[in-house]
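Below: the structure, in structure tokens.
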Amino acid sequence: EVQLLESGGNLVQPGGSLRLSCEASGFTFTNYGLSWVRQAPGKGLEWVSAMSGSGGVTHYADSVKGRFTFSRDNSKNTVYLQMSGLSPEDTALYYCAKATSYYGSGDDAFDIWGQGTMVVVSS
Amino acid sequence: QSVLTQPPSVSAAPGQTVTISCSGSSSNIGNNYVSWYQQVPGTAPKLLIYDNNKRPSGIPDRFSGSRSGTSATLGITGLQTGDEADYYCGTWESSLSAWVFGGGTRLTVL
């Protein structure tokens with residue numbers, strides 16, 4: 001079964017840092033792009049960052065550029081989102097989503113989503 | 001304010017047909033494939049339509065998608081109470097090298 005399992009969400013103070021993880025199973029990890037998509041409480045979907053299958057191409061939303069870093073460990077079938085300079089506006093449920101192609105950008109879509117991990121930024 | 005514009009809500013009776021629009025521009029919908037996602041409250045989004053009008057396996061043919069110019073439409077026929085959910089359109093925004101989603105449409109089956 002194709003599956004994504006996020007972890008690492010927590011309560012963190014403004015200005016703090018946090019690292020989210022997303023472990024993949026059931027598909028050839030390096031063949032597909034992955035993205036992080038977040039959803040603030042009661043709000044819509046907001047894309048955060050995307051990475052190609054090999055990790056060679058990465059994109060970021062303007063709202064997180066310079067603060068968040070997307071990385072992957074192909075030996076562990078896991079991707080990470082390192083978040084720093086967190087603000088209350090970053091409070092959201094963070095989903096990991098699998099793209100239908102290698103690049104995870106352009107003419108693509110997200111066919112598998114994890115259950116999400118909650119990040120709360122508050123003092 | 002989302003790059004893609006969707007109506008906040010739509011409603012219809014069981015058995016009827018509903019359409020949800022998604023309006024964009026030449027730098028997103030006009031030149032990239034559109035996908036649609038269903039999100040039942042409290043659960044993760046689920047892919048309904050990809051490449052403008054293709055359905056993943058397991059998605060019933062009551063769900064359909066189309067694209068014309070810089071707009072896309074999701075159609076749902078034979079509405080069921082289980083279709084009550086939030087629906088989002090998404091596509092690639094070429095000018096930003098970023099994914100963009102519509103603000104979401106809440107479907108109520110009366």
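Each residue of segment A:59-72 was assigned a 3J(HN,Hα) from its phi angle through the Karplus expression (A = 6.51, B = -1.76, C = 1.60, θ = phi - 60°), giving 10, 9, 5, 4, 5, 10, 4, x, 10, 10, 10, 9, 9, 9 Hz with x at Gly and Pro.
When the P(r) of chain A is calculated, the portion above 17 Å amounts to 51% of the C-alpha pairs. Length, then width, then depth: along the principal axes, the Cα atoms of segment A:55-121 run 33, 27, 25 Å.
Here the contact order of chain A, divided by its residue count and restricted to Cα pairs under 8 Å and six or more residues apart, works out to 36 percent. Using a 10 angstrom cutoff on alpha carbons, build the Gaussian network for chain B and name the most mobile of B:Thr43, B:Thr73, B:Thr81. Looking only at B:Thr43, B:Thr73, B:Thr81, the biggest GNM fluctuation is shown by B:Thr43. The reciprocal of the average 1/r between distinct C-alpha atoms defines the Kirkwood hydrodynamic radius, which for the protein assembly as shown equals 17.9 Å. Near A:Gly116, the amide H atoms lying under 5 Å from its own belong to A:Glu6, A:Cys96; only residues 5 or more places off or on other chains count, and H is placed 1.01 Å from N.
Evaluated with a Cβ-only charge set (Lys, Arg +1; Asp, Glu -1), chain B carries a dipole of roughly 100 debye about its Cα centre, given to the nearest 20.
With the whole protein complex present, A:Glu89 retains an accessible surface near 140 Å², based on a 1.4 Å probe.
Can you give the percent of C-alpha pairs in segment B:28-89 whose distance is more than 15 Å? Display every interim value, and only then the final one.
On the way: 911 of 1891 pairs.
In whole percent, the long-distance tail amounts to 48.
At what distance in angstrom do the alpha carbon centres of segment B:10-78 and segment A:1-21 lie from each other? Spelled out, the Cα-based centre of one part sits 29 Å from the other. Largest first, the residues B:Thr108, A:Thr69 sort by 1.4 Å accessible area into A:Thr69, B:Thr108. In order along segment A:92-104, the Karplus-derived 3J(HN,Hα) couplings, from 6.51 cos²θ - 1.76 cosθ + 1.60 at θ = phi - 60°, round to 5, 8, 9, 9, 9, 9, 8, 7, 8, 9, 5, 7, x Hz, and Gly and Pro are given as x.
Let's see if you can work this out: charge +1 on each Lys and Arg Cβ, -1 on each Asp and Glu Cβ, no other charges. What is the dipole magnitude of chain A about its Cα centre, in debye to the nearest 20? Numbers along the way, then the final one.
On the way: 8 positive and 11 negative charges, 58 e Å.
Computed charge dipole of chain A: roughly 280 debye.
Can you tell which of B:Gly42, B:Gly69, B:Gly82 shows the greatest fluctuation in a Gaussian network model of chain B with Cα springs below 10 Å? So, out of B:Gly42, B:Gly69, B:Gly82, the one fluctuating most is B:Gly42. With every protein chain in place and a 1.4 angstrom probe, the accessible-area ranking of A:Asp111, A:Asp62, B:Asp51, largest first, reads A:Asp62, A:Asp111, B:Asp51.
Each Cα pair under 8 Å and six or more residues apart adds its separation to the average, and for chain B the resulting relative contact order is 38 percent.
Rg over Rh for segment A:1-71 works out to 0.97, using Cα positions for both radii and the Kirkwood form for Rh.
Summing Cβ point charges (Lys, Arg +1; Asp, Glu -1) relative to the Cα centre of segment B:41-88 gives a dipole of roughly 180 debye.
Taking every Cα-Cα distance in chain B and sorting them into 10 Å bins from zero, the calculated P(r) comes out as 16, 50, 29, 5, 0 percent. With N as its number of residues, segment B:1-50 has a Cα radius of gyration that, divided by 2.2 N^0.38 Å, comes to 1.33.
Summed over the residues of segment A:53-123 and divided among them, the accessible surface reaches 40 Å² per residue at a probe radius of 1.4 Å.
The values are calculated or read from the model by the stated rules, or taken from the named source; none is laboratory data. Keep in mind that this is a model prediction, so the values were computed, not measured. Every residue, glycine as well, gets a Cβ built from its backbone with ideal geometry; the counts of neighbours run over all protein chains shown. What goes into the accessible areas is simple: the full protein's heavy atoms, side chains included, and nothing from ligands, DNA or RNA. Shrake-Rupley method; radii C 1.70, N 1.55, O 1.52, S 1.80 Å.
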